[in-house]
1. Considering the range 27-43 alone, what residues qualify as being in contact (Cβ under 8 Å) with a residue 24 or more places away in the chain and more than 18 Å from residue 85 (Cβ to Cβ)?
2. Could you please give the count of residues in the range 1-24 that are within 15 Å of residue 63 (Cβ to Cβ), modelled with pLDDT under 50 and surrounded by 12 or more Cβ atoms within 10 Å (Cβ to Cβ)?
3. Residue 86 is checked against (1) more than 21 Å from residue 21 (Cβ to Cβ); (2) surrounded by 11 or more Cβ atoms within 10 Å (Cβ to Cβ) and fails just one. What number does that condition carry?
4. Quick check on the range 51-67. Is at least one of its residues surrounded by fewer than 10 Cβ atoms within 10 Å (Cβ to Cβ), out of contact with any strand residue (DSSP E or B) (no Cβ under 6 Å at 6 or more places or on another chain) and at pLDDT below 75?
5. If you take the residues in the range 40-61 that are assigned to a strand (DSSP E or B) and over 9 Å from the mean Cα position of the chain (by Cα), which one is nearest to residue 29 (Cα to Cα)?
6. Can you report the number of residues in the range 25-37 which are loosely packed, with under 12 Cβ neighbours inside 10 Å and within 17 Å of residue 56 (Cβ to Cβ)?
């Protein structure tokens, strides 16, 4: 859940560069075939759009895309050297009854 909040914050951050948008199928093909990236995380944004994090296993390049309900996909951000960090939340402890 926390990673979804983080991704939502990234998506809502104003972009300083022009976004690259295409049809869902064309964006998928470009990232899968031309950039050898695969989806490693996905979730639904508050507006109903699909947020996906893509990663190239060999080079650690990554992309974050947002696909709207009309079928348009936009690249929100891309970069290099994505590290996978595994973390777990502490289990919620119940308060003892008095």
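1. Selection gives 27, 28, 31, 35, 37.
2. Step one: list which residues in the range 1-24 are within 15 Å of residue 63 (Cβ to Cβ), which gives 7, 10-11, 15, 17, 19-22, 24.
Remaining after also requiring modelled with pLDDT under 50: 7, 10-11, 15.
Narrowing the set further to residues that are surrounded by 12 or more Cβ atoms within 10 Å (Cβ to Cβ) leaves 7, 10-11.
Here the count works out to 3.
3. Going through (1) more than 21 Å from residue 21 (Cβ to Cβ); (2) surrounded by 11 or more Cβ atoms within 10 Å (Cβ to Cβ) one by one, residue 86 breaks only (2).
4. First, the residues of the range 51-67 that are surrounded by fewer than 10 Cβ atoms within 10 Å (Cβ to Cβ): 58.
Subsequent filtering for residues that are out of contact with any strand residue (DSSP E or B) (no Cβ under 6 Å at 6 or more places or on another chain) retains 58.
Filter once more, keeping what is at pLDDT below 75: none.
No, the range 51-67 contains no residue that is surrounded by fewer than 10 Cβ atoms within 10 Å (Cβ to Cβ), out of contact with any strand residue (DSSP E or B) (no Cβ under 6 Å at 6 or more places or on another chain) and at pLDDT below 75.
5. At the first step, the residues of the range 40-61 found to be assigned to a strand (DSSP E or B) are 40-44, 50-55.
Imposing the further condition that a residue be over 9 Å from the mean Cα position of the chain (by Cα) reduces the set to 44, 55.
Working: 44: 21, 55: 14 Å.
It comes out as 55.
6. 2
The values are calculated or read from the model by the stated rules, or taken from the named source; none is laboratory data. These numbers come from a predicted model, not from an experiment. When we count neighbours, we look across all protein chains shown, and the Cβ atoms used for this are built from the backbone with ideal geometry, even at glycine.
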